[in-house]
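Note sheet for the following structure.
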Amino acid sequence: QVHLVESGGGLVQPGGSLRLSCAASGSIFSINAMRWHRQAPGKQRELVAVMASDGSIYYVDSVKGRFIISRDNAKNTWYLQMNSLKPEDTAVYYCNVLRPEGSVWGQGTQVTVSS
């Protein structure tokens, strides 16, 4: 089993930065990919970024050039560095890992971009 714990959300002004963390424990060797999603109020959950086990990375167009997904193997932790934040980035952000045994989700962390 894999357990994910997210942290790093909060309130930030437009143009500011935040770094989200997703710490994994358990059978992490079976993880094929790690994804960050977000869900804004009244909207469907949206895929934001993906890091596959081969290191390949994908970003949704709306965050390209502003968000960076990374991993610290020693800490079994993935990060989402979010720069130049906009009010439309306000959402609950979830990390999610894909394994042959199934998908595992973190609990979510709120990001609010407002002046």
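The values are calculated or read from the model by the stated rules, or taken from the named source; none is laboratory data. Computed from a predicted structure; not experimentally measured. Positions of Cβ are generated from backbone atoms using ideal geometry, with glycine treated the same way; all protein chains shown enter the neighbour counts. Note: areas computed on protein heavy atoms with side chains; ligands, DNA, RNA excluded. Shrake-Rupley method; radii C 1.70, N 1.55, O 1.52, S 1.80 Å.
Against the condition touching a Phe, Trp or Tyr at 6+ places or on another chain (Cβ under 8 Å), farther than 21 Å from Ser115 by Cβ, open to solvent by less than 20 Å² (accessible area, probe 1.4 Å) and touching a residue at least 60 places away in the same chain (Cβ under 8 Å), how does Trp36 come out, does it pass?
yes
Just checking, how many residues over the stretch 36-48 are out of contact with any helix residue (DSSP H, G or I) (no Cβ under 7 Å at 6 or more places or on another chain), assigned to a strand (DSSP E or B) and not acidic (Asp, Glu)?
5
If a residue has to be under 15 Å from the mean Cα position of the chain (by Cα), surrounded by fewer than 14 Cβ atoms within 10 Å (Cβ to Cβ) and farther than 14 Å from Ile31 by Cβ to count, how many in the stretch 73-105 make the cut?
Count: 0.
List the residue pairs whose Cβ atoms are under 6 Å apart, where the first residue sits in the stretch 78-98 and is touching a residue at least 24 places away in the same chain (Cβ under 8 Å), the second is of a type in the set (D, E, K, R) and surrounded by 21 or more Cβ atoms within 10 Å (Cβ to Cβ), and the two are 6 or more positions apart or on different chains.
Pairs that qualify, where the first residue is touching a residue at least 24 places away in the same chain (Cβ under 8 Å) and the partner is of a type in the set (D, E, K, R) and surrounded by 21 or more Cβ atoms within 10 Å (Cβ to Cβ), are Ala91/Arg38; Tyr93/Arg38; Cys95/Glu6; Asn96/Arg35.
From the list Ser25, Ser84, which one is closer than 17 Å to Val2 by Cβ and among the polar types (S, T, N, Q)?
Ser25 is the lone residue from the list that is closer than 17 Å to Val2 by Cβ and among the polar types (S, T, N, Q).
Under the condition of being closer than 17 Å to Ile69 by Cα and open to solvent by 60 Å² or more (accessible area, probe 1.4 Å), which residue from the stretch 18-33 is modelled with the highest pLDDT?
Only one residue fits best here, namely Arg19.
For the stretch 44-68: of the residues being among the charged types (D, E, K, R) and in contact with a strand residue (DSSP E or B) (Cβ under 8 Å, 6 or more places away or on another chain), which is least open to solvent (accessible area, probe 1.4 Å)?
Arg66
When you go through (1) small (Gly, Ala, Ser); (2) free of Cβ contacts under 8 Å to residues at least 60 places away in the same chain; (3) in a strand (DSSP E or B) one by one for Ala24, which number turns out not to apply?
The number of the failed condition is (2).
Could you check how many residues of the stretch 69-87 are in contact with a strand residue (DSSP E or B) (Cβ under 8 Å, 6 or more places away or on another chain), outside any strand (DSSP E or B) and within 29 Å of Ser115 (Cα to Cα)?
Total meeting the criteria: 4.
Please pick out the residue among Val60, Val50 that is of a type in the set (Val, Ile, Thr) and under 19 Å from Thr90 (Cβ atoms).
Matching residue, one of Val60, Val50: Val60.
Within the stretch 106-115, take every residue that is part of a strand (DSSP E or B) and open to solvent by 30 Å² or more (accessible area, probe 1.4 Å) and give me the one that is farthest from Gln39 (Cα to Cα).
Among residues in the stretch 106-115 that are part of a strand (DSSP E or B) and open to solvent by 30 Å² or more (accessible area, probe 1.4 Å), the one farthest from Gln39 (Cα to Cα) is Thr112.
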